[in-house]
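Structure first, then comments.
The values are calculated or read from the model by the stated rules, or taken from the named source; none is laboratory data. Remember, predicted model here, so these are calculated numbers, not experimental data. Here the Cβ positions follow ideal geometry from the backbone for every residue, glycine too, while neighbour counts run over all protein chains shown.
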């Protein structure tokens, strides 16, 4: 969902990203990609990021997305799992890549560098887990079902 208006973005298994307006039943924009995307708006609603094929992050200007990305960040890691979501921090400086593996990746939103890989939780069944920043962007959190019930895991980000 855009933080500034009624627009929202969706990524689909058909390798497309669609831009929508809640006031219209039809999509307002369509992009065909080379792999399954995860996507999100930045906190100002001017840029959106597309994680493509669990290997690269592309940044687009919402006003001219049809001209292609203005930045592409290739992640040089073995693909042991798939990205399940992509989120910007509320200050717009960080991107969180959640996976269906046992880790999350924190990426610098301006340089594309992986700042940290967070683990310490078991996801041996490859379940899609939701991860998020706290509103002050100081912590990451993820929730999962465990034998003892729901388990929440938090990480302090500090100075990122």
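The strands (runs of 3 or more DSSP E) falling completely within region 83-125 include none with 2 or more residues that are at pLDDT below 95, farther than 20 Å from residue 71 by Cβ and out of contact with any strand residue (DSSP E or B) (no Cβ under 6 Å at 6 or more places or on another chain). Among the numbered criteria (1) farther than 21 Å from residue 55 by Cβ; (2) loosely packed, with under 13 Cβ neighbours inside 10 Å, which one does residue 79 miss? So residue 79 meets the others, but not (1).
Give 103, 139, 118, 88 a once-over and let me know the one that is over 21 Å from residue 48 (Cβ atoms), in contact (Cβ under 8 Å) with a residue 24 or more places away in the chain, surrounded by 12 or more Cβ atoms within 10 Å (Cβ to Cβ) and out of contact with any helix residue (DSSP H, G or I) (no Cβ under 9 Å at 6 or more places or on another chain). Even if it seems obvious, please write down each step before you answer.
Values: 103 fails: in contact (Cβ under 8 Å) with a residue 24 or more places away in the chain; 139 fails: in contact (Cβ under 8 Å) with a residue 24 or more places away in the chain; 88 fails: over 21 Å from residue 48 (Cβ atoms).
After applying the criteria, what remains is 118.
Candidates in region 126-151 are the residues that are modelled with pLDDT of 85 or more, assigned to a strand (DSSP E or B) and farther than 23 Å from residue 73 by Cβ; of these, the one that is farthest from the chain's Cα centre (by Cα) is 139.
Take the conditions part of a loop (DSSP other than H, G, I, E, B) and either in contact with a helix residue (DSSP H, G or I) (Cβ under 7 Å, 6 or more places away or on another chain) or within 27 Å of residue 121 (Cα to Cα) (or both) and apply them to residue 51. Does it pass? Reasoning before the result, please.
Details: part of a loop (DSSP other than H, G, I, E, B): no; either in contact with a helix residue (DSSP H, G or I) (Cβ under 7 Å, 6 or more places away or on another chain) or within 27 Å of residue 121 (Cα to Cα) (or both): yes.
Criteria not met by residue 51.
When residues in region 48-72 are screened for being surrounded by 13 or more Cβ atoms within 10 Å (Cβ to Cβ) and either free of Cβ contacts under 8 Å to residues at least 12 places away in the same chain or closer than 21 Å to residue 131 by Cα (or both), 12 of them pass.
Return yes when residue 152 is touching a strand residue (DSSP E or B) at 6+ places or on another chain (Cβ under 6 Å) and surrounded by 15 or more Cβ atoms within 10 Å (Cβ to Cβ) and no when it is not.
Values: touching a strand residue (DSSP E or B) at 6+ places or on another chain (Cβ under 6 Å): yes; surrounded by 15 or more Cβ atoms within 10 Å (Cβ to Cβ): no.
Criteria not met by residue 152.
Taken as a whole, region 11-22 holds at least one residue that is touching a strand residue (DSSP E or B) at 6+ places or on another chain (Cβ under 9 Å) and closer than 21 Å to residue 106 by Cα.
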